[in-house]
Amino acid sequence: MSWTAAGPEPALPDLALAFLGHLDVEKGYSPATVEAYGRDLEQFEHFLAARGAGLHDPAALTRDHVRGFMAELHRAGTSKASVARKLSTLRSFFKYLARAGLVTADPTAGVRNPKQDARHPRALNVDQALALMEAEAGADPESLRDLALAELLYGSGLRISEALNLDVDDFDPGSGIVRVMGKGSKERLAPLSEAGRQRLAQYLRVRGEFTASLAEKALFLGVRGARMQRRQACRILDKLAALAGLPQGVHPHMLRHSFATHLLESGADLRSVQELLGHARLTTTQRYTHLSVDKLVRAYDKAHPKARVKGGKGPGGKGA
């Protein structure tokens, strides 16, 4: 994708458009990510325009401009996560300008991210995950496709974008792996569970019923034989969850969270899970460790004599 202005006059100056093109072409960011960066810059540009400034003259921008933007977002009720993402966009933009020699001072320097609320990934328990994978969806082509997709998300921990971007040639039935293009165009090999290998093999035998075009290389096909879209994938998981009798809505990333959580609870080391998930930083994977720790604490409180001291105090109380 090339980032271009939609109208005769760009909403963003050329410097900003060049930055978005850099993310697209040189960094290999997904179209959705580039569009999100663009929306953040447009919002900042509108904030600046009301104050007689703009991204066309980045050297004139100061820390007060950035802090004022953050304050306005807060007053508008923008979530802390969204504010942090917008600040990250501005940091990336000014870093790009600095490397190009277009600014000497970074107005985002010293502006802190808002303190985030403690949020942990939602995950299915093992019984729920297995029920979803074994949902009685039928043996028709659509059902075989849907179960193969679910197996990849849970059995191999793929992001939904990674699964939907797979081509037929990325699956090697002999070795039981799929070649995945992750964030930043980083390739990795993801192992398949035995169930995942079988589900994919079953689906591939009927894949031709979704399209008459031999030129279509997408592994997962949706409406009219084209590459499946994210919205359809979400509807598929909703259907499987209903068939499995799960009480909560199941979204694609929940299966990836479940994959990581169940590996850690089974004793997998953090570095291995990091590699399987395709995380660039170990700290990203560490979000999942609290789930295992919570489970250990509950087991301790339930079973260990020291956890049931007089007065109901646990091991961290005065009675311990």
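The values are calculated or read from the model by the stated rules, or taken from the named source; none is laboratory data. Every value quoted in this text rests on a predicted model; they were computed, and no experiment measured them. Counting neighbours? That spans all protein chains shown, and the Cβs are built from the backbone with ideal geometry, glycine included.
Take Arg205 and tell me if it is under 20 Å from Ala32 (Cβ atoms) and surrounded by fewer than 20 Cβ atoms within 10 Å (Cβ to Cβ). Write out each step before concluding.
On the way: under 20 Å from Ala32 (Cβ atoms): no; surrounded by fewer than 20 Cβ atoms within 10 Å (Cβ to Cβ): yes.
Answer is no for this residue.
Within region 173-195, the residues that satisfy the criterion of being farther than 27 Å from Thr33 by Cβ and either in a helix (DSSP H, G or I) or modelled with pLDDT of 85 or more (or both) are Glu194, Ala195.
Just one of the listed residues (Glu151, Glu136, Glu162, Glu142) is over 19 Å from the mean Cα position of the chain (by Cα) and not in a loop (DSSP other than H, G, I, E, B), and it is Glu142.
Residues in region 119-175 that are among the charged types (D, E, K, R) and within 25 Å of Leu264 (Cβ to Cβ): Arg119, Arg122, Asp127, Glu134, Glu151, Arg159, Glu162.
Per-residue answers, yes or no, for (1) closer than 23 Å to Ala32 by Cα; (2) out of contact with any helix residue (DSSP H, G or I) (no Cβ under 7 Å at 6 or more places or on another chain):
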{"site": "Arg91", "(1), (2)": "yes, yes"}
{"site": "Ala123", "(1), (2)": "no, no"}
{"site": "Asp127", "(1), (2)": "no, yes"}
{"site": "Ala131", "(1), (2)": "no, no"}
{"site": "Gly155", "(1), (2)": "no, no"}
{"site": "Ala163", "(1), (2)": "yes, no"}
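When Ala131 is tested against (1) modelled with pLDDT of 80 or more; (2) more than 22 Å from Leu263 (Cβ to Cβ), only condition (2) is not met. Listed by first and then second residue, the pairs with beta-carbon distance under 8 Å, at least 6 apart or on different chains, first residue in region 179-204 and hydrophobic (A, V, I, L, M, F, W, C), second assigned to a helix (DSSP H, G or I) and surrounded by fewer than 16 Cβ atoms within 10 Å (Cβ to Cβ), are Leu204/Val168. Residues in region 143-178 that are among the aliphatic types (A, V, I, L, M) and either without any contact (Cβ under 8 Å) to a residue 24 or more places away in the chain or at positive phi (or both): Ile177 alone. Considering the conditions (1) among the basic types (Lys, Arg); (2) at pLDDT below 90; (3) under 30 Å from Gln229 (Cα atoms), Arg39 is excluded by exactly one of them, (2).
Out of all the residues in region 229-249, is one or more buried (at least 20 other Cβ atoms within 10 Å of the Cβ), assigned to a loop (DSSP other than H, G, I, E, B) and in contact (Cβ under 8 Å) with a residue 12 or more places away in the chain? Scanning region 229-249 turns up no residue that is buried (at least 20 other Cβ atoms within 10 Å of the Cβ), assigned to a loop (DSSP other than H, G, I, E, B) and in contact (Cβ under 8 Å) with a residue 12 or more places away in the chain.
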